[in-house]
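Structure first, then comments.
The values are calculated or read from the model by the stated rules, or taken from the named source; none is laboratory data. Quick caveat, the model's predicted, so the values are computed rather than measured. Using ideal geometry, Cβ is built from the backbone for each residue, glycine included, and neighbour counts are taken over all protein chains shown. Side chains are part of the model used for accessible areas, which takes the heavy atoms of the whole protein and leaves out ligands, DNA and RNA. Shrake-Rupley method; radii C 1.70, N 1.55, O 1.52, S 1.80 Å.
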Amino acid sequence: MATIDGRPAQYGVTLKQLRELMELRGSEGIERLESEFGGILELTKKLYSSPTNGLSGNASDMEHRRQTFGSNVIPPKPPKTFLTLVWEALQDVTLIILQVAAVVSLGLSFYKPPAESKSGPQEGNTEVGQHDEGEEEAGWIEGVAILISVAVVVFVTAFNDYTKEKQFRGLQSRIEGEHKFSVIRGGEVHDIGVGDIVVGDICQIKYGDLLPTDGILIQSNDLKIDESSLTGESDHVKKGADTDPMVLSGTHVMEGSGKMLVTAVGVNSQAGIIFTLLGAAADEEEVEAKKRKKDKQGEGEAAAVTGNSHHATANSANADGDVRNNKHSKEEEEGEEGGPTGGGGHDKSVLQAKLTKLAIQIGYAGSFIAVLTVVILIVRFCVQTFVLEGKPWDTFYANHFVKFFIIGVTVLVVAVPEGLPLAVTLSLAYSVKKMMKDNNLVRHLDACETMGNATAICSDKTGTLTTNRMTVVQSFICSEDHKTTPKFESLPHAVGDLLVNAISINSAYTSRVLPGDNPGDLPKQVGNKTECALLGFVMDLGKSYQVIRDEITEENFHRVYTFNSVRKSMSTVVPRNGGYRIYTKGASEIVMKKCSFIHGKDGRLENLTRSMQERLVREVIEPMACNGLRTISVAYRDFVTGKAEINQVHFDSEPNWDDEDNIINNMTCLCIVGIEDPVRPEVPDAIRKCQRAGITVRMVTGDNINTARSIASKCGILRPGDNSLILEGKEFNRRVRDASGKIQQHLIDKVWPSLRVLARSSPTDKYTLVRGIIESKVSANREVVAVTGDGTNDGPALKIADVGFAMGIAGTDVAKEASDIILTDDNFTSIVKAVMWGRNVYDSIAKFLQFQLTVNVVAVVVAFVGACAINDSPLKAVQMLWVNLIMDTLASLALATEAPTPDLLLRKPYGRTKPLISRTMMKNILGQAMYMICVIFVLLFYGDKLLDIDSGRYADIRDPPSQHFTIIFNTFVMMTLFNEINARKIHGQRNVFQGFFTNPIFYSIWLSTLASQIVIVQFGGVAFSTQALSLELWLWCLLFGCGVLLWGQVVTSIPTKKLPKNVFSYGSGEPINDPIADLASEDKLDSDGKDSKRTGQILWIRGLTRLQTQLRVIRAFKSTLEDLEERRSCHSLHSLRISRSQQGNRPMSDISYIDEDSTKSPSPNSDKRCGPCNATVRLVTSAKESSPTTAETAPLVPPGSPPPGGPAAAATQQLGHHRPHTHANTQNSSS
């Protein structure tokens, strides 16, 4: 018989049997498991695994399992080919019009009507003189040149989309690579990538995990799972080996821990099956979407969007496997019209909203002038030729109309900044790549630039401001205060043994302290850091926690009350001599309240009276907290069957373990320890930088108010004399809620401006605070808030924040999913770097706008005035396309890749409503445009006399290119090139060359553009409508070009403050309710036939926005990982779970771990000042201990969470699967 790794190759169970088993739930599942497989242990044997040792980890065994049961990945959908992207880029309306015009022009140049040879040229002779026949034959060159220019633009766009897609996929696989899971192999616990898990593996699951496979529980403690991503039910499901052992991939562990046997992976898991169905549906929907588009075009709607590299495919938006939404949702249809989110514009980033608004303003102006130019050219020509000169119509004149049309289209091409999406994408992609090196893993591209506008950061304490390397530095045992770790022998023997057992058993068995990698290194802390500190304390006492754990395994536990933010403690019940012993640890003053006894001097048992409790708080807990220590109490209680001691409980029948309040009560206190988590040495400086940059840093922690105040003072969040406010969660709730317990914005507005520390806060308080600051209109420019979080329950706050930072090391999977940026080193200084990069992105785009709009204004004015004055545009279509290429592609590359400088942190943030084009920028744009227009018009009307050359004005359509117009074109390009150097500074700095040579991309593009221009002018000939220039004429062109730099100094001298605000700033405003944003909602109204707006207006806006290709801006942002995951990648099974709809709008449990800052104690006397904490701050603690809306009892209700109401509620819930960037999605929610 064939063997693999010393075992039979044939398993005792088939893939089909396992798939069928995993479709059952609850008692049904247990019955099938028992009857068909003989229980979980038998099934483990059939899969040649072991509940305690797991698999061997042998490579041939792993490979055989993958071949038999599949591997834990889902094959990705192939990326779009380069040719597909080229085809999509060709869909741009402006490019289509240009191509048609070029083809018509080409056709007409070859068309020789018989009349032309007889009458046309002769009649024309009186006007323009004899034509060279060779020139006539070269008429085709302009058409070909336009087609070539279009091809260049298309290939550049497609290449950009292609590299963008490649980067996103790389980023996505990097994020997937970050997802590790704990499995037992060869009796050891290993963290492996989720793609390496195989059927038969034994996985350890714990709070905060996102399950990567299907499995059956072998053992569990107080396990609750959120299955809403599969079932839509928002209630947490209790799981247990003997009640409901089936756990499914894509679901979240919200409480507790356990061990499971992996039974299905990849496409065979429940989520994988749904994913596969979705993949098939995707292709069908794409075909249907195309049909729908054709129908709509038939109705006269504008053509497709350019750069639409991300069609909304199928329900991959529901890639979390929501089976209930298998109908094509209307939102998705409209998603293709109104941008990628399908829900309108309510989750635009700050910059995106400003760009959209600006694009509309430019689009209106550009379209108007383009149409006007064509009309004037045609009317003027007709009046001149057919009325004044009385000539008859000739087919040859059609050439003129095509030429006018081409001029009009090129004016539009130049007027509309198609380069904007490119600049935005390049800038973001460049920044994201560089931010990786600064420990910022960006999950959503737009978060990168939003961070530059941040005005407030709400930060966790543990791990972000502190090192998250915890050690016990002080302890209070048997009425003695120990400033160092006592010797085990010096403790009363019974108390010492109890203490070591209590800590070793009542900690998650996944928390371990391992020796350092090299001799002399500090030990490695794995798992929960607070528990690691306590285990380290056991080791310092000279004992081994592992020996005790080997003796009492997790299977022996009778009951576990896991830590959460309501309990703020953890308890474990273990059987002992026919009875039970309960061990408890948690926030010191909370555990103290549940204690009635304490071991005093020499281990004697004493009653712990109320007055003694208060004395302990005052004399032991508070001084520790004032030194920034986290205080933890350890206690125990015995249930015995025989005669009970004074601190024991006698029982005859099994205690009611669900009555937690009575079980965890009348305990005996063993010790109080003070755990130090030192402030990171680089944090105070980083916070000073933030404050200098106009960003307010607030600390939101679950810790004791004294500990929080001490750490905040050390970090520099609290400064002497700045009248800061420190609140506890209960008091904060009391202040922001009205008499009926509802949160009121006007009450929050009274608190948040001076609030610096929120201590003893629950996740609800954090969410309330963040939402309150975002929605507040107290400050003129509106606040943009960044939030850090690491726990599962931080999800709602991370999601509603403008930018959510999750911790890469300490963060749970749930927190990482809800976030926009993952801090791979959990360090606050990385946030400061993110601010710097964000501001750099914003500035890069502003620089590009300043440069491009100057050229736009000049090109449009010149073309328009030329059309009116001389019946021709001084800049030919091909020349304009070349200028457009300089402006769009090359300039966006050059300006978008400037590296950030520390100077960026010296100015205040822009905020939410400040205009994108500031008064300084507008001054520069108009100032430079005036100079350029004056130079061009002087050259146009007097250049022939000044430079002693032949005039090119009033030339016939068939005349050869003139030196006159070549000089105009060349001067324009020279001025544009030198203005590109001016555009590097947007805040009125005088030295525009500062840092010029630090950006090789900039100067190499600049020099190559100059070289190309020389080639075009000297050898472009008919194709570019140029004639070679002499050295003298070149020097004149360069002189006019350099004049831009001198004129720039004059413009800078004009005081900006004197300029009127409203006239000189554009692109400001709220990130909601602009015409594009509202398109989707308008579509909805129209399709219902209710409340429809004027169709003409909607069509005009839609046609215009498509014409501008501005939805590419939105695409550039929103082809984030989210789109890739949801819309087309189906990468590994993990992508399925990264889809954000799981926690779209569902309640999350109120859970946090001990090291999530929730374990500190509000002391009864904490409103008194304690010695070491001497910052002048206002300190407020709870007024009423039993307030009905305290942080500890308030339920956590994230934005718009549905009432628990079965499938209907679930369906509602699934619609909100995009993160609310602004406050608009959360108007009606109350925490």
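Quick notes
- For the range 578-657, the set of GluC sites (Glu not before Pro) satisfying both a DSSP loop assignment and a count of at most 13 other C-beta atoms within 10 Å is given as E645.
- Checked against a 32 Å cut-off, the cross-linked pairs K224/K689; K224/K483; K689/K742; K239/K529; K876/K923 give Cα-Cα distances beyond that limit for K224/K689; K224/K483; K689/K742.
- Between M612 and I1001, the simple label model (points 7 Å from Cα in the Cβ direction) yields a spacing of 7.0 nm.
- Peptide ranges 468-475, 235-242 listed from the most packed, as the mean C-beta count within 10 angstrom indicates: 468-475, 235-242
- Full extension of the chain between L747 and S1030 yields a length gain of 94.5 nm, computed as 0.36 nm times the residue separation minus the alpha carbon distance.
- Inter-site label distance for V526 and L906 at 7 Å from Cα along Cβ, in nm: 4.9
- More than 18 angstrom apart: percent of Cα pairs within the range 852-984: 61
- Estimated FRET transfer efficiency when R0 is 60 angstrom, pair K46-I96 (beta carbons, to 0.05): 0.40
- Using a Förster distance of 45 Å, the FRET efficiency for I378-S173 (Cβ separation, nearest 0.05): 0.20
- Across the accessible surface of the range 643-750, with the other protein chains kept in place and a 1.4 Å probe, carbon and sulfur atoms take up 45 percent.
- Shape class for the range 722-804: rounded, because the ratio a/c of the largest to smallest gyration tensor axis (alpha-carbon atoms, square roots of eigenvalues) is under 1.5.
- Karplus-based coupling profile of the range 1039-1047, in residue order and whole Hz: 4, 4, x, 5, x, 4, 5, 5, 4, with θ = phi - 60° in 6.51 cos²θ - 1.76 cosθ + 1.60 and x standing for Gly or Pro.
- Of all accessible heavy-atom area on the range 460-618, the percent that carbon and sulfur account for (1.4 Å): 51
- Legend: residue pairs K487/K643; K166/K985; K766/K816, Cα-Cα distance threshold 24 Å; pairs beyond threshold, K487/K643; K166/K985.
- A869-M930 pseudo-label distance in nm [points 7 Å out on the Cα-to-Cβ vector]: 1.8
- Taken as Cα centroids, the range 788-831 and the range 966-1027 sit 44 Å apart, rounded to the nearest whole angstrom.
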